[in-house]
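Bear in mind that the values in this text are calculations on the coordinates, not laboratory data. Since the structure is predicted, the reported quantities are computational estimates derived from the model, not experimental observations. Virtual Cβ from ideal backbone geometry, glycine too; neighbours counted across all protein chains shown.
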Amino acid sequence: MKKTTQLKSLLHSNNIEFIMEAHNGISAKIVEEAGFKGIWGSGLAISASMGVRDNNEMSWTQVLDILEFMSDASSLPILLDGDTGYGNFNSVRRLVKKLESIDIAGVCLEDKIFPKTNSFIGGERQPLADIDEFCGKIKAGKDTQKDEDFIIVARVEAFIAGWGLTEALKRANAYADAGADAILIHSKLAEPTDIFQFMKNWDNRKPIVIVPTKYYKTPTADLAKAGASLAIWANHTMRSSISAMQNSIKQIYKEQSLVGIEPKIIPVSEIFRLQNADEYKTAEESYLPQDRNISAYILAATKGDNFGSLTDNKPKCMLEAFGKSILENQIETMNECKIRQISVVVGYKKEVIDLPNITKIDNDQHDTSGILYSYYLASKHFQGPCIMSFGDILFKQHILRTLLEAEGDIVLVIDTSWWQGRKAERKIDSVICTTPPSDSFESRSHTPILQVDSSIAHNDAHGEWVGMMKFSSLGAEIFRKELEIMRSEDEEAFLICDINSFMNRLIKKGLPVTARYVHGHWLNINSLEDIYQISNMPQQ
Ligand code: SPV
Ligand code: MG
């Protein structure tokens with residue numbers, strides 16, 4: 001339903017309805033979440049939020065700038081407190097035109113003189129507008145609105161300015177004749193005697209709006225019974241936020257610490273929620289090139305079996321290669337490829353992994369579980385596309401770049417140089433794909449994988465899995481979900497499962513696991529011999 005129509009139906013509903021003050025985008029949102037059906041764009045609160053007085057010290061276009069944020073932040077209709085209309089009939093025409101353009105449902109105009117003063121400050125000294133002149137403003141506004149449901153509320157300040165019932169009724173009738181959609185009758189008394197008197201004598205030709213700020217003790221049911229259609233809680237959002245700010249700030253100042261205040265205030269995540277930060281994340285996935293936001297997970301929880309005393313005090317990923325740890329080499333290469341969000345699954349001697357700018361994911365079952373469990377722990381943190389890599393491999397930058405450019409949901413880097421040199425003699429994670437690698441110009445560098453297994457016969461293999469793979473957002477989700485399914489099926493088997501069996505399970509289920517062929521330029525550090533070999537290589 002249009003916002004204008006929503007406000008109109010609040011005015012004409014059979015019950016008394018309530019709208020709540022807001023003064024910026026976030027307060028508009030909070031009002032909506034609480035369940036209110038409408039918002040009062042209070043002149044007092046909006047000016048206060050800017051640190052100025054309720055004397056038209058903000059220009060009307062500055063008010064509209066705030067209002068536009070409020071309108072965007074909430075689906076509720078907003079009734080703007082438009083003061084006196086910020087000028088004459090012509091100002092009202094421009095105002096209505098602009099309000100409609102930012103989807104404001106209605107405006108309330110008060111019969112005072114521009115620049116106005118808040119009704120609760122020396123009301124008796126405030127001159128009222130000439131009735132005819134004010135009626136002209138109402139007519140001008142009604143003639144300008146394009147949406148027939150746009151609301152103009154005429155606010156009678158007769159009681160505020162010290163006039164009696166006769167003047168109030170005279171004005172209200174004149175404004176109704178001029179086309180006002182509702183009459184706001186305002187009072188500064190602690191008891192609504194004048195308001196009740198007015199309503200008794202009002203023939204109900206237009207709905208009545210009230211602002212029970214001063215007569216707040218009067219039960220709402222009495223206000224409803226007297227005939228009020230809409231009550232405005234006019235400034236309580238601003239007042240409660242001021243007390244919250246004063247209390248917190250005083251405490252922080254006094255204690256010179258945040259410890260005492262932290263449990264009393266909302267976490268930053270609540271701000272993000274109100275800002276709808278999640279939607280931004282989803283939109284990024286749709287609209288940003290995927291690798292701009294790619295994160296990486298490095299699996300480095302194990303000690304490594306073949307390194308003797310070298311791994312007595314550190315995990316193998318912290319062994320040295322080219323003047324720094326294997327892990328630092330890997331992180332540096334990732335950083336060079338613009339991957340900054342890097343998480344490392346840690347376990348054995350995790351305290352030794354004290355590198356800056358990484359997030360650690362604890363695998364406390366590293367010595368009793370299989371490697372798949374580290375993947376599982378990492379997968380709980382998946383948010384969008386990512387790279388996963390063993391912590392004991394070294395690779396040249398172009399291998400990672402090739403992977404980042406590869407299309408596909410679950411893409412494994414497959415080395416086609418596996419049969420060369422000494423690699424031929426060791427146990428490797430071999431793969432068979434639908435298409436073997438080839439040197440021909442037309443060869444496909446990207447092909448579905450049929451099997452990943454260390455027991456594939458040497459001559460049957462198409463390549464060796466480097467231990468690195470990439471997930472698209474969808475691939476990450478598929479992988480994460482399948483891990484959950486497997487865990488729920490058989491917890492014990494899951495805990496000791498290796499990654500190859502799991503990849504084959506995905507393949508068997510017809511899930512999209514593909515190979516990106518590369519040739520050499522990487523190293524799996526699996527033994528003392530590998531370490532020795534690196535130490536004899538020239539520095540990178
Ligand atoms: C406002 O909220 O700015 C109002 C209501 O105009 S009152 O402050 O009661 O005048
Ligand atoms: Mg006001």
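What does the charge count around Val518 come to, taking other residues whose C-beta lies under 11 Å from its C-beta (Lys +1, Arg +1, Asp -1, Glu -1)?
Details: positive: Lys396, Arg401, Arg516; negative: Asp415, Glu464.
Taking every other residue near Val518 into account, the sum is +1.
Any chance you could run the full-extension gain for Leu355 through Asn247? It's 0.36 nm times the residue separation minus the Cα-Cα distance, nm to one decimal.
Taking 0.36 nm per residue and subtracting the Cα distance, the gain is 34.9 nm.
Using only the alpha-carbon atoms, how far is helix 131-144 inclined from the longest principal axis of the chain? Give it as 0 to 90 degrees, nearest 10. That works out to roughly 40 degrees. Going by Cα centres, the stretch 45-104 and the stretch 299-356 are how many Å apart? With the stretch 45-104 and the stretch 299-356 each reduced to a Cα centre, they are spaced 58 Å.
Suppose R0 equals 22 Å. What FRET efficiency, 1/(1 + (r/R0)^6) with r the Cβ-Cβ distance, do Lys508 and Thr435 give to the nearest 0.05? Intermediate results must be reported in sequence, preceding the final value.
Working: r = 19 Å, r/R0 = 0.87.
Given R0 = 22 Å and the Cβ-Cβ separation, E is 0.70.
Extension gain, Thr368-Ser9: 0.36 nm per intervening residue step, less the Cα-Cα distance, totals 122.7 nm.
Among 88-95, 46-53, sorting by the average number of other beta carbon atoms lying within 10 angstrom of each residue, highest first, gives 88-95, 46-53.
Extending 7 Å from Cα along the Cβ direction at Ser286 and again at Leu528 yields two label points whose distance is 5.8 nm.
Taking each residue as 0.36 nm, the span from Lys200 to Phe69 lengthens on full extension beyond its C-alpha to C-alpha distance by 43.2 nm. Placing unit charges on the Cβ atoms only, positive for Lys and Arg and negative for Asp and Glu, gives the chain a dipole magnitude near 1380 debye about its Cα centre.
Where does each of Met537, Met318 land when they are ranked from fewest to most other beta-carbon atoms within 10 angstrom? Walk me through the numbers on the way to the answer.
Details: Met537 10, Met318 23.
Least to most surrounded, the residues fall as Met537, Met318.
With the simple spin-label model, which puts each label point 7 Å out from Cα in the Cβ direction, the Arg340 to Asp130 separation comes to 6.3 nm. Computed from point charges on the beta carbon alone (+1 for Lys and Arg, -1 for Asp and Glu), the dipole magnitude for the stretch 245-287 about its Cα centre is near 380 Debye. Specify which residue in the list Ile39, Gly384, Asn56 is farthest towards the positive end of the charge dipole of the chain, using unit charges on the beta carbon of Lys, Arg (+1) and Asp, Glu (-1), about the Cα centre. In the chain, that residue is Asn56. Between the listed residues Ile252, Ile30, Val107, the Cα displaced farthest toward the positive end of the dipole of the chain, a dipole computed from Cβ unit charges relative to the Cα centre, is found at Val107. Can you tell me the FRET efficiency between His446 and Lys324 if r is taken as the Cβ-Cβ distance and R0 is 22 Å, rounded to the nearest 0.05? That gives a FRET efficiency of 0.10. Only one residue of Ala176, Ile151, Leu450 has its Cα farthest out toward the positive end of the dipole of the chain, where Lys and Arg carry +1 and Asp and Glu -1 on Cβ, and that residue is Ala176.
Could you work out the relative contact order of the stretch 21-143? I mean the mean sequence separation of Cα pairs under 8 Å and 6+ apart, divided by the number of residues, in percent. Don't skip to the answer; put the middle values down first.
Details: 183 pairs, mean separation 31.5, N = 123.
This gives 26 percent for the stretch 21-143.
Each peptide among 514-525, 498-509, 457-468, 258-269 gets the average number of other Cβ atoms lying within 10 Å of its residues, and from highest to lowest they stand as 514-525, 457-468, 498-509, 258-269.
Would you work out the charge dipole size for the stretch 295-535 about its Cα centre, treating the Cβ of every Lys and Arg as +1 and the Cβ of every Asp and Glu as -1, and quote it to the nearest 20 debye? Kindly include the intermediate steps, with their values, before the conclusion.
Working: 25 positive and 33 negative charges, 89 e Å.
Approximately 420 debye in magnitude.
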